[in-house]
Amino acid sequence: MPPFADGLNRKDFRVANAWAVKADSSIDSVGVKVPAYFLSADIIAPNGEAVVGTWLTTEVTKPGLVYSVSPQAKKYTTWTQAGDASTRGITMETPGAKESINCVLSGRSKSPQAGVAPTTP
């Protein structure tokens with residue numbers, strides 16, 4: 001997550017709960033087609049509020065090319081926005097983008113609710 005956190009435009013925000021899904025599309029990096037992954041994660045404010053951001057990247061385990069795809073990623077990070085010559089046609093409607101968001105939402109911890117007794121397995 002450090003490469004994505006480095007792109008946050010507020011240093012008091014953090015990134016957590018990341019999930020990647022291989023995109024059907026690829027990134028054209030100087031005439032070479034490279035695999036692309038949609039990576040979605042919670043962007044967490046100091047008060048604990050979180051929104052899901054989605055990026056397109058060439059790597060999920062090491063630094064690679066990174067593009068902001070979702071409105072939240074565009075708002076809260078400084079990464080180049082998808083839509084340039086190398087990512088033409090890639091949007092939140094591209095297969096894999098929404099699936100990565102669903103993974104984040106499903107992976108969130110359930111917070112305790114006041115007045116509700118915990119259940120035992």
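Here are the numbers for the structure shown:
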{"read-out": "Cα-based Lys proximity count in the chain, under 25 Å, for pairs eight or more positions apart or on separate chains", "value": "17"}
{"read-out": "Hydrodynamic radius by Kirkwood, which averages 1/r over all alpha carbon pairs of the chain, in angstrom", "value": "15.0 Å"}
{"read-out": "Under Karplus coefficients 6.51, -1.76 and 1.60, residue-wise ³J(HN,Hα) of the range 85-91 in Hz, glycine/proline x", "value": "4, 7, 10, 3, x, 8, 9"}
{"read-out": "Only Lys, Arg (+1) and Asp, Glu (-1) charged, at Cβ; the range 1-105 dipole about Cα centre in debye", "value": "120 debye"}
{"read-out": "Rounded tilt (10° steps) of 97-107 against the dominant C-alpha axis of the chain", "value": "20 degrees"}
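Every number here is computed from the coordinates shown, using simple stated rules; none is lab data. As the structure is a prediction and not an experimental result, all values here were calculated from the model. Reconstructed Cβ throughout: ideal geometry from the backbone, glycine too, with neighbour counts over all protein chains shown.
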